[in-house]
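Accompanying notes for the structure given below.
Bear in mind these aren't lab numbers, they're just calculated from the coordinates by the rules spelled out. Predicted model, so just to flag it, every value in this text is computed and none were measured. Note: ideal-geometry Cβ built from the backbone for every residue, glycine included; neighbour counts use all protein chains shown.
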Amino acid sequence: MKKILGIALVLALAVMLVPGIALADDPTVTTVNIVAGSSGVVTGTVTAKDAKTTFTAAGTNMQGNFYAKDSNNNAAYGIDDFTTNLKAQTSQGYIEYRTDRLTSGTAFYGAPGQASYSFVQVQGPSSFGSLAMNTDTNYAYLDDNNYGFCTPDGLHQFQVSNTISTSSPGYIIEKWVSSVPTTSSTAWLGTAPPTGSFARVYSYGQGAATLGCQDDTFISMKYATSDVALGWWPGGGRAYPHSTDFDATGTGYFEALGIGNNKVTFMTMGFSSTGNGTPGSATAGFFTNWTNGSSHVNNYGLTVEDYTPSP
């Protein structure tokens, strides 16, 4: 089954997308085309048997594409493979995208409820914001696999710019992955999560910025619990240059944070935090800011573990 919508907006428009029932091995595909130059609001939700994805694009001079595929294949443990992605851009507005893994194969693959969240916002008449994110879920994990899936510069997953002015902030970039359900990206800021693992990068400023999340991966496959890897491929680091870099000019702020039960490790920065197994006992992060200058973060990649390694 396939749904295609072409949307040219001059006023706010909301579209709710819920795939119909399909037989096994009959994929349900939903696509949305945001026509170039449109203005207003486009929002959609696809709720499948084993995953859910939502997106909103708002602003002026928008364009983009949304895609979701429920394979209906009962690939393992009666759970379907699910793929979704969004590539969109806007001016004077925002783009928000979230995917939740609703079911898990067995206890070995962790409890369900993992989530991946992405957000970009830009202000000002000459502002530009773009987001590109591709997500897969199945019986074992949720994975943001963005190799080659990029913003217009061809290198990153977040790309923003605005004219430096007195407005603050001119842009916001946020990305987080979570091993337990949460309804708000701010629910754990400054406090420990209820359990599990949480990793986040966040930036705001005036000027221009890019953020790579091409290896932004969540995996729940260890000892019946869940780990998070943000900006890091557990099998061998970064896929290629720029994949986990942050660059900005103008004035702004950037931070990266990991919260877990047992260990947070910034893979190439040389620091970590070890917990005692209780929620939030392992916490590590860093921040940087710049004024009328530039900033470069080379590989912010981190992992968060909420399991106790075997001896």
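Using Cβ counts within 10 Å as a stand-in for footprinting exposure, how do His296, His156 rank, fewest first?
His296, His156
Please compare each pair in Lys52/Lys87; Lys87/Lys263; Lys87/Lys175 to a cut-off of 26 Å on the Cα-Cα distance and tell me which ones are over it.
Flagged as over cut-off: Lys87/Lys263.
Can you sort Cys213, Cys150 so the residue with the fewest Cβ neighbours within 10 Å comes first?
Lowest count first: Cys150, Cys213.
In what order do Thr265, Thr283 fall by count of nearby beta-carbon atoms within 10 Å, going from fewest to most?
Listed from fewest to most nearby Cβ atoms, that is Thr283, Thr265.
Go through 38-48, 128-138, 96-106, 285-295 and give me the packing order, highest mean Cβ count within 10 Å leading.
128-138, 96-106, 38-48, 285-295
Amide H neighbours of Ala75 under 5 Å, at least 5 residues apart or on other chains, H built in the peptide plane: list them.
Those qualifying (amide H under 5 Å, at least 5 residues apart or on another chain) are Asp80, Asp81.
What percent does the relative contact order of the range 252-311 come to when contacts are Cα pairs within less than 8 Å and at least six residues apart?
Value for the range 252-311: 43 percent.
In whole Hz, with x marking every Gly and Pro, tabulate ³J(HN,Hα) for the range 45-55 from phi via Karplus 6.51 cos²θ - 1.76 cosθ + 1.60, θ = phi - 60°.
9, 10, 10, 9, 5, 10, 7, 9, 9, 9, 8
When only Cα pairs under 8 Å and 6 or more residues apart are kept, what is the percent relative contact order across the range 52-111?
43 percent
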